[in-house]
Amino acid sequence: MRLHTLIVDDEWLALEKMKMLLADQQNPNLCFEQVEACIHPSNALELAQHIRFDAAFLDIEMPEINGLELAWQLLQLQPGLPIIFLTAYQEYAVKAFDIHALDYLLKPVHPERLAVSLDRLHSYMQNKPSNKDTEPASVMLCCLQRLNYHDAKGAIQQFSWKTQKAQELFAYLLYNKNRTIHKQSLMDLLWPSYDTKRATAQLHTAIYHIRKTIERAGLDLKLEYKDEGYRVVVGELTFDFEEWERQVRSLPQIDEKSLEQHLDTLQAYTGNFLEEHHYPWAESEWERLRLLWLKLAEDIAEHYMGQEHYTEALILNRKIIERFPISEEGYFRHMQIHALLHQPQEVKKYYNQLERMCQNEFEDLPSEDITAWYREWMLQLKQER
């Protein structure tokens with residue numbers, strides 16, 4: 001099996017040693033044919049936007065971007081990428097597996113231990129339905145985070161646009177695929193301050209650029225003019241946000257057997273709908289999908305709590321708070337977990353944070369239910385002392 005591999009380490013000597021170890025490995029099933037070595041994590045992220053990697057070896061302790069954060073960002077670009085962490089500290093092992101890493105290696109890396117990791121990598125790739133040995137994937141148009149597409153080989157491809165308005169018009173017609181949008185509605189949306197003559201000229205120019213872009217990319221799309229309007233007719237293409245929603249809707253009830261499936265689906269949400277482009281008309285779809293992600297994340301967090309997997313619940317709940325900083329439930333769940341862990345200072349800290357958030361955002365206090373829970377907890381804490 002020939003692999004295209006990424007190695008990231010901020011120490012040049014460690015980077016070179018890892019390259020040599022991979023070149024000298026004796027696994028007959030794996031051939032590290034191409035290796036991209038990066039000292040700077042930002043360079044690795046840039047490469048991942050254009051190159052489909054089969055595996056990544058990441059140092060954890062890096063000053064520019066922590067290896068755990070780098071892994072999270074890489075997985076947003078390439079879901080399912082097998083990641084093996086490199087670390088000098090045993091304490092990072094648990095954190096490595098919190099984001100479903102394939103393995104971790106303690107520095108200095110020994111060839112015998114590396115061989116174990118490579119056996120795991122080979123086994124993972126044999127059982128992974130989306131590896132290079134399977135049938136080519138269908139072309140997928142991507143609207144989560146940014147507008148691009150995955151070609152039939154699964155590689156990420158970027159569109160080349162003459163103007164931002166042409167890109168926005170294309171995105172809007174894709175979102176309304178197979179529906180005819182009257183040309184006046186399109187002009188009002190994109191060129192509201194222009195007179196009819198100038199807006200019409202801009203619309204025709206943008207349509208021309210879209211047709212050329214579709215042609216260059218070889219996409220199975222048709223841009224049609226009908227009934228005084230335009231529509232995009234979609235052929236054999238899929239959309240990442242629609243596929244993701246189908247996965248969510250088809251998930252079984254969460255339990256220990258289905259937990260991995262739920263986590264994979266959560267991880268496949270690579271960003272909000274057209275987030276990088278800030279289109280006002282996309283906000284409703286942005287919010288709808290975001291709330292679907294929230295419900296899935298909360299279900300997993302509640303499952304972790306029910307199984308007394310409090311560390312996992314806290315890690316996931318931090319991500320919930322990051323995405324929904326004005327949601328009371330995220331702070332409340334943190335308080336509940338720390339109460340179960342008998343960490344009163346953390347409970348107080350998150351209640352105080354919740355109070356500040358409610359005051360700053362709503363000029364109000366936390367909800368009565370949460371306040372009542374907190375007062376009862378404080379009373380119980382005093383009685384125990």
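The numbers here are math on the coordinates, done by the rules we state, and not lab data. Please read these numbers as outputs of a predicted model, since none were measured by experiment. Quick reminder, even Gly has a Cβ in these numbers, built from the backbone with ideal geometry, and neighbours come from all protein chains shown.
Candidates [x] 61, 55, 47; [y] 77, 63, 38; [z] 138, 72, 43; which is the computed Cα extents along the principal axes in Å?
Only one option fits the structure, namely [y].
For the range 195-286, state the average projected area of the convex hull of the C-alpha atoms over all orientations, rounded to one decimal in nm². If you can, show how the numbers build up before the last one.
Values: hull surface 35.5 nm².
The directionally averaged projection comes out at 8.9 nm².
Taking amide H atoms as placed 1.01 Å from N in the peptide plane, list the residues 5 or more away in sequence, or in a different chain, whose amide H sits under 5 Å from that of V35.
T5
For the range 1-85, calculate the relative contact order in percent as a whole number, restricting contacts to Cα pairs under 8 Å that are 6 or more residues apart.
Working: 129 pairs, mean separation 30.2, N = 85.
36 percent.
Note the per residue figure in Å³ for the convex hull of the C-alpha positions in the range 175-332. Each step should come with its number before you reach the end.
Working: hull volume 22.5 nm³, N = 158.
Convex hull volume per residue, Cα atoms: 142 Å³.
Considering the options P111, N272, Q307, tell which one lies farthest towards the positive end of the dipole of the chain, charges being +1 on Lys and Arg and -1 on Asp and Glu at the Cβ, about the Cα centre.
Highest projection toward the positive end goes to N272.
Any chance you could list the semi-axes, whole Å, largest first, of the equivalent ellipsoid that the Cα gyration tensor gives for the range 138-186, using √(5λ)?
On the way: eigenvalues 103, 36, 13 Å².
In descending order, the three semi-axes are 23, 13, 8 Å.
Could you tell me which of the pairs K162/K183; K197/K222; K165/K212; K162/K222; K19/K107; K153/K177 are separated by over 22 angstrom between their Cα atoms in the structure shown? Before the final figure, lay out the partial values.
Working: K162/K183 20 Å; K197/K222 26 Å; K165/K212 15 Å; K162/K222 19 Å; K19/K107 14 Å; K153/K177 24 Å.
In this structure, K197/K222; K153/K177 lie more than 22 Å apart at Cα.
Can you tell which of T180, A201, H150 lies farthest toward the positive end of the dipole of the range 144-231, using +1 and -1 charges on the Cβ of basic and acidic side chains (Lys, Arg; Asp, Glu)?
Towards the positive end, the residue furthest out is H150.
What are the lysines whose alpha-carbon lies under 28 Å from the alpha-carbon of K382, with same-chain residues fewer than 8 places away excluded?
Hits, sequence-local ones excluded: K348, K349.
If the cut-off is 20 Å between C-alpha atoms, which aspartates and glutamates fall inside it for K257, apart from same-chain ones fewer than 8 positions away?
Once the sequence-local aspartates and glutamates are set aside, what remains near K257 is D98, E298, D299, E302, E308, E312.
Can you give the calculated 222 nm mean residue ellipticity of the chain, where each DSSP H run of n ≥ 4 adds -39,500 (n - 2.57) and the sum is split over every residue, rounded to the nearest 500 deg cm²/dmol?
Working: 15 runs with 204 residues, N = 385.
After summing the helix terms and dividing by the residues of the chain, the value is -17000 deg cm²/dmol.
Going by amide H atoms built from the backbone, whose H comes under 5 Å of the H on L274, apart from near neighbours?
Counting only residues 5 or more places away or on other chains, the set is L144, Q145, R146.
Taking θ = phi - 60°, what integer Hz values does the Karplus form 6.51 cos²θ - 1.76 cosθ + 1.60 yield along the range 250-262, in sequence order, with x for Gly and Pro?
For the range 250-262, the Karplus curve yields 9, 5, x, 4, 6, 8, 4, 6, 9, 4, 4, 5, 5 Hz.
With a sphere of radius 15 Å drawn around the Cβ of G229, what net charge do the other residues whose Cβ falls strictly inside it have (Lys, Arg +1; Asp, Glu -1)?
Details: positive: K177, R179, K183, K222, K226, R231; negative: D188, E224, D227, E228.
Net charge around G229: +2.
Each residue of the range 141-146 in order: what ³J(HN,Hα) in whole Hz does its phi give by Karplus 6.51 cos²θ - 1.76 cosθ + 1.60, θ = phi - 60°, with x for Gly and Pro?
After applying 6.51 cos²θ - 1.76 cosθ + 1.60, I find 7, 10, 10, 7, 6, 8 Hz.
Loop-only chymotrypsin sites (Phe, Trp or Tyr not before Pro) in the range 205-267, please: DSSP not H, G, I, E or B, and at most 12 other Cβ atoms within 10 Å.
Working: sites: Y208, Y225, Y230, F239, F241, W244; in loops: none.
In loop regions of the range 205-267 (DSSP not H, G, I, E or B), there are no sparsely surrounded chymotrypsin sites (Phe, Trp or Tyr not before Pro).
The range 1-125: percent of C-alpha pairs farther apart than 24 Å?
In whole percent, the long-distance tail amounts to 16.
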